């Protein structure tokens with residue numbers, strides 16, 4: 001199931017009479033997961049039989065320290081949060097070895113992507129038609145959302161073995177004087193491929209200083225030695241995006257942050273919403289960051305269950321792309337058909353046709369019983 005796309009009739013005005021709305025029909029709407037209620041109502045699946053493996057969430061939940069921290073803040077819900085997030089920014093700065101002035105908080109990484117795209121490429125009301133954005137094939141669809149109304153400005157570089165072809169991207173950037181923004185995802189979603197920190201450093205050195213390099217590290221906790229945070233202290237045009245939604249298990253609170261030079265961070269703070277994160281999210285993020293034991297245990301659990309998932313797929317003779325994260329991209333021949341068949345049995349995965357990967361689905365690494373249920377049901381669907 002996917003959200004219906006709006007058309008110009010929704011505004012009761014033809015595009016020619018509403019120039020500020022032109023281009024809206026070209027936007028790609030984020031396709032949210034079907035709800036438990038949808039599955040129960042449409043397919044008659046019992047609530048306890050529903051397995052959600054579509055959004056790369058932490059199946060273990062969050063740290064118990066997070067639960068306690070959130071509970072302690074419930075009495076403060078009538079008060080506005082610290083708009084600057086001073087305490088959390090200091091924690092993050094210390095954790096990453098940078099100044100707190102280099103950290104910008106936001107209500108999720110998607111907000112930061114949209115902010116950066118608007119700042120470099122223009123908004124719907126004030127666009128730089130000549131500006132260009134370069135991104136890799138099979139990039140996260142949030143990147144397309146971030147490039148609001150700039151379809152003609154985006155340059156997609158073909159992937160190499162389902163990952164970023166940095167050499168080709170550098171060539172395109174240097175051959176495109178109008179390029180103002182380049183987006184990388186490391187690890188990449190939905191393919192699960194990884195670029196080494198060394199490779200990214202060499203790439204950034206080839207990018208003109210007039211081009212903003214945004215590196216989305218939403219899944220970097222699964223391979224922490226490959227972070228590129230250090231580049232932000234050497235290059236003023238590098239921004240790292242991070243989130244607490246994935247490995248830390250705070251998807252329901254939507255809190256993310258950017259790391260950059262202090263000069264760029266100052267500009268971001270001037271552009272972002274005054275309240276970048278809510279009271280509960282600020283407390284939860286600080287508690288999550290402090291409990292690295294929980295994170296370490298989850299990473300070990302994820303690696304073990306990912307290997308079990310590989311073994312099960314191998315036994316079925318099904319092709320997959322090895323992943324460094326908490327999801328696996330699987331070739332099932334007809335992604336949409338298999339997605340629907342799994343859904344009717346209460347198994348929710350991610351269909352990838354919007355990335356041009358019609359034969360593939362993406363499955364999150366879940367609990368052992370969830371992974372086994374997926375494998376058993378997949379075998380039945382493909383039989």
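The values are calculated or read from the model by the stated rules, or taken from the named source; none is laboratory data. Remember, it's a predicted structure, so these values are computed and weren't measured experimentally. Glycine also receives a Cβ, built like all others from the backbone with ideal geometry; neighbour counts cover every protein chain displayed.
Select from the range 159-189 the residues that are over 21 Å from residue 117 (Cα atoms) and either outside any helix (DSSP H, G or I) or under 19 Å from the mean Cα position of the chain (by Cα) (or both) and write down the one among them that is modelled with the highest pLDDT.
165
Please list, ordered by first then second residue, the pairs with beta carbon atoms under 8 Å, 6 or more apart or interchain, first in the range 300-320 and under 17 Å from residue 247 (Cα atoms) and in the same structural domain as residue 369 (by TED's automatic domain parsing), second at pLDDT 95 or above and part of a helix (DSSP H, G or I).
Hits for this filter: 302/222; 305/368; 305/371.
Would you mind finding the one in 316, 299, 309, 280 that is in contact with a strand residue (DSSP E or B) (Cβ under 7 Å, 6 or more places away or on another chain) and either more than 29 Å from residue 107 (Cα to Cα) or surrounded by 14 or more Cβ atoms within 10 Å (Cβ to Cβ) (or both)?
Numbers: 316 fails: in contact with a strand residue (DSSP E or B) (Cβ under 7 Å, 6 or more places away or on another chain); 299 fails: in contact with a strand residue (DSSP E or B) (Cβ under 7 Å, 6 or more places away or on another chain); 280 fails: in contact with a strand residue (DSSP E or B) (Cβ under 7 Å, 6 or more places away or on another chain).
Unique residue meeting the criteria: 309.
From the residues in the range 85-128 that are in contact with a strand residue (DSSP E or B) (Cβ under 8 Å, 6 or more places away or on another chain) and assigned to a loop (DSSP other than H, G, I, E, B), which one is surrounded by the most Cβ atoms within 10 Å (Cβ to Cβ)?
That would be 85.
Name the one entry in 20, 65 that is out of contact with any strand residue (DSSP E or B) (no Cβ under 8 Å at 6 or more places or on another chain) and either outside any helix (DSSP H, G or I) or at pLDDT below 85 (or both). So that I can check it myself, show each step before the final result.
Values: 65 fails: either outside any helix (DSSP H, G or I) or at pLDDT below 85 (or both).
Of 20, 65, the one residue that is out of contact with any strand residue (DSSP E or B) (no Cβ under 8 Å at 6 or more places or on another chain) and either outside any helix (DSSP H, G or I) or at pLDDT below 85 (or both) is 20.
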